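Everything on this sheet refers to the single structure shown next.
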Amino acid sequence: MSTGSLLAADLAIAVLATAGWLAGGVASAARRRRLALGLAVLALLGTLARAVTITALARAGWWFAAEKIVVATPLSLVAVAVAGARLLRPPADIRSAAVPLLFAGYAGSGALLVTVLHGYPVSPGVALLAVAGVAAATVVSWRLLGPRPSRAVSRAAVAVAVAALVTGTGLTAAPQASPAGTHDHEYRQAQPVGEPTKRFTLTAGTATVRVSGRDVAAWAFDGQVPGPELTATVGDVLEVTLRNRDIERGVTLHWHGYDVPNDQDGVPDVTQAAVSPGQEFVYRFRADQAGTYWYHTHSVSDVGVRMGLYGVLVVRPAPVTGVDVTVPVHTLAGVPLPVARTEPVEAGVPVRLRLVNTDNTTHRYALAGAPFRVAAIDGSDLRGPTPVAETAVLIPAGGRYDLVFTAPATPVALLVDGRSVWSTGEVSTATGSWPVLDPLSYGTGSPVPWSRFDREFTLVLDRGLDLRGLLPRYAHTVNGAAAPDIPPQVVGLGDIVKFTIVNRSLVVHPWHLHGHHVLVLARDGTPATGSPLWWDSFDVRPGEVWEVAFRADNPGMWANHCHNLPHADAGMMLHLMYR
Ligand code: C2O
Ligand code: CU
């Protein structure tokens with residue numbers, strides 16, 4: 001069983017067991033003896049079964065089990081002792097078992113709330129809060145359902161609740177680490193990069209675009225979704241003028257995957273101010289990395305990108321021979337883009353399909369009709385890519401794959417999630433059952449260039465209640481904090497930096513570091529054996545642990561976030577900062 005399924009199974013069992021205890025308590029209060037005993041036995045079995053799931057999670061990594069061991073296990077042990085005793089000798093009047101069963105239910109609920117609302121890392125304050133809640137709920141039930149507890153007992157319980165509450169809130173409200181409070185600096189002046197050799201102007205504005213015969217309200221560059229394709233040749237100096245016509249919430253250009261100097265990175269309030277309606281900003285950078293990239297606004301990026309403010313950036317090493325097509329996939333107002341296109345290609349012609357996923361979730365791509373090689377991922381060429389056939393590839397949000405093949409005499413089609421988006425003719429192949437390529441074992445390996453790391457950071461991805469803002473929100477968290485309260489990762493120029501990224505949530509987080517490409521070292525403890533993978537976007541699935549590393553060679557303040565952009569907006573965003 002994968003760690004992701006274990007996380008889900010453990011949560012499901014905890015919910016059922018808790019519901020069983022609570023329902024059993026209510027049934028006993030109503031003197032429904034058989035029902036109460038039946039529910040309680042099921043709850044007891046569920047509670048005991050968690051010994052298995054929690055142990056397995058702990059073996060996968062302390063991150064996955066911490067609060068379950070520190071909070072849920074002791075609470076469950078007490079609950080089993082108290083309620084289990086009643087089950088061994090059911091009292092003549094089943095109503096007297098109500099409070100012990102309810103107590104077990106409150107203990108389960110308290111532990112569940114710690115997992116669901118707080119997550120990782122568990123703090124003593126939160127554990128005490130859970131204990132306070134369980135004690136308080138038990139005292140109230142006891143008073144309502146009698147037999148009345150003795151004065152001493154109820155005083156003791158109230159004292160436990162109050163003490164836990166006071167210490168608990170005191171601890172959780174204590175300021176954690178200092179936030180990334182470095183945003184009110186002067187933005188650095190653009191560095192000189194030489195005379196521009198390629199100039200573009202992109203005007204952002206609200207627009208109505210026609211997709212699949214439907215008029216859709218969009219935000220667009222030059223009135224089109226996607227925006228104009230920007231192409232350059234290695235060695236060009238790009239100058240891109242961004243104008244904002246009427247996007248009230250501001251616009252910027254972020255060059256996703258392109259390791260530009262920090263002042264050109266287009267992150268509002270970090271590297272520049274967002275461009276307001278009527279204003280402009282000029283980006284200049286040298287095109288020194290070939291490959292497939294994309295650009296998008298980074299101002300309210302979850303809304304802006306979804307509404308259409310994105311386009312492709314392709315830097316080619318030399319004039320193209322053969323067919324070279326970009327396929328940016330996007331969902332605009334529920335309509336999947338691009339619409340299917342057929343382009344006949346003569347047999348023997350080399351074809352490169354540049355696949356870009358501009359959505360927030362993973363897409364599955366299948367090339368039917370020809371064996372192909374994955375020539376590059378995230379703009380970096382792979383080493384020794386071998387031909388594969390009848391194999392799908394999964395591209396994370398923000399990611400790019402370049403597929404190359406020689407056109408056969410028969411038609412070829414590219415399918416995204418089963419839908420044809422590009423073809424050379426009619427193809428009718430079912431691709432749904434194809435296996436998925438694992439890039440970590442694809443191509444020719446080469447040793448990791450570093451044997452030690454100057455800085456190591458662990459990022460535990462989870463969900464939790466964030467009470468620090470004006471309104472409480474159910475945030476996506478990193479190490480228990482949500483933006484803007486996640487401490488920045490501080491590195492020095494030249495440091496070799498390692499990230500361990502752990503997903504203990506139940507959803508995929510496509511991780512994206514600005515300004516650098518990270519080398520994939522291992523997934524779930526298994527080292528990558530294929531071609532070196534230098535990525536800027538990669539899916540960390542539930543229960544996965546990724547180890548990646550990079551050289552800190554691009555000074556500045558860089559966003560480091562989940563590229564499911566609503567997650568980034570809901571807290572999953574921090575910064576890498578040079579000392
Ligand atoms: Cu494509 Cu900060 O993102
Ligand atoms: Cu995410």
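The values are calculated or read from the model by the stated rules, or taken from the named source; none is laboratory data. Owing to the predicted nature of the structure, the values given are computational and were not obtained by experimental measurement. All Cβ positions, even for glycine, are placed from backbone atoms using ideal geometry, and neighbour counts span all protein chains on display. We work out accessible area using only protein heavy atoms, side chains counted, and drop any ligands, DNA or RNA first. Shrake-Rupley method; radii C 1.70, N 1.55, O 1.52, S 1.80 Å.
Full extension of the chain between residue 12 and residue 490 gives 168.2 nm of extra length, using 0.36 nm per residue less the Cα-Cα distance. Placing a label point 7 Å from the Cα of residue 144 along the Cα-to-Cβ direction, the residues of segment 1-43 whose backbone N falls under 15 Å from that point are 22-31.
Accessible surface area normalised per residue over the chain is 42 Å², counting heavy atoms of protein chains with a 1.4 Å rolling probe.
Relative contact order, percent, of the chain when contacts are C-alpha pairs under 8 Å separated by at least 6 residues? If you can, show how the numbers build up before the last one.
On the way: 1396 pairs, mean separation 66.4, N = 579.
For the chain, the relative contact order is 11 percent.
Peptides 327-337, 389-399 ranked from most to least packed by the mean count of surrounding Cβ atoms within 10 Å: 389-399, 327-337.
Counted residue by residue at 0.36 nm each, then reduced by the alpha carbon distance between them, the extension gain from residue 473 to residue 166 reaches 108.2 nm. The calculated FRET efficiency for the pair residue 455 and residue 32, based on their C-beta separation and a Förster distance of 51 Å, comes to about 0.25. What FRET efficiency comes out for the pair residue 289/residue 55, r = Cβ-Cβ distance, R0 = 56 Å, nearest 0.05? Between residue 289 and residue 55 the formula returns 0.75.
Note on residue 318 and residue 553: their simple-model spin labels are 2.4 nm apart, each label 7 Å out from Cα toward Cβ. When peptides 279-289, 39-49 are sorted by average Cβ neighbour count within 10 Å, with the highest value leading, the order is 39-49, 279-289.
How much of the pair distance distribution for segment 233-326 lies past 21 Å, counting alpha-carbon pairs only, in percent?
Numbers: 1452 of 4371 pairs.
Value for segment 233-326: 33 percent of Cα pairs lie more than 21 Å apart.
Rounded to the nearest 10 square angstrom, residue 35 shows an accessible area of 80 square angstrom against a 1.4 Å probe. Round to the nearest 10 and give me the degree value, 0 to 90, for the angle of helix 98-113's Cα axis relative to the longest principal axis of the chain. For 98-113 against the chain, the angle is about 20 degrees. The modelled label-to-label distance between residue 465 and residue 234, using points 7 Å beyond Cα along the C-beta direction, is 5.5 nm. With a Förster radius of 60 Å applied to the C-beta separation of residue 444 and residue 96, the computed FRET efficiency comes to 0.25. Solvent-accessible area of segment 391-521 (1.4 angstrom probe, protein heavy atoms only): carbon and sulfur portion equals 57 percent.
The label point for residue 273 and the one for residue 210, both projected 7 Å from the Cα toward the Cβ, are 4.0 nm apart.
Grab the eigenvalues of the alpha-carbon gyration tensor for the chain, scale each by 5, take roots, and send me the semi-axes largest first in whole angstrom.
Ellipsoid semi-axes (Å, largest first): 51, 28, 22.
Structural size metrics of segment 241-387, computed from C-alpha coordinates, are Rg and Dmax of 17.3, 51 Å.
Can you tell me the relative contact order of segment 255-359? Whole percent, Cα pairs under 8 Å, sequence separation 6 or more.
23 percent
Principal axis analysis of the Cα atoms in segment 376-514 yields extents of 61, 42, 22 Å, listed in decreasing size. Orientation-averaged projection of segment 341-446 equals 6.5 nm² [convex hull of Cα atoms, one quarter of hull surface area]. Ordering of 568-575, 257-264, 291-298, 446-453 by packing is 291-298, 568-575, 257-264, 446-453, highest average first (other Cβ atoms within 10 Å, averaged per residue).
Over segment 466-579, calculate the relative contact order: mean separation of alpha carbon pairs under 8 Å at least 6 apart, over the residue count, as a percent.
Numbers: 245 pairs, mean separation 43.5, N = 114.
38 percent.
A compact globular protein would have a Cα radius of gyration near 2.2 N^0.38 Å; the ratio found for segment 528-579 is 1.33. Centre-to-centre, using Cα atoms only, segment 364-443 and segment 81-154 are separated by 55 Å.
Stretching residue 62 away from residue 524 to a fully extended chain increases their span by 165.0 nm, per 0.36 nm per residue minus the current alpha-carbon distance.
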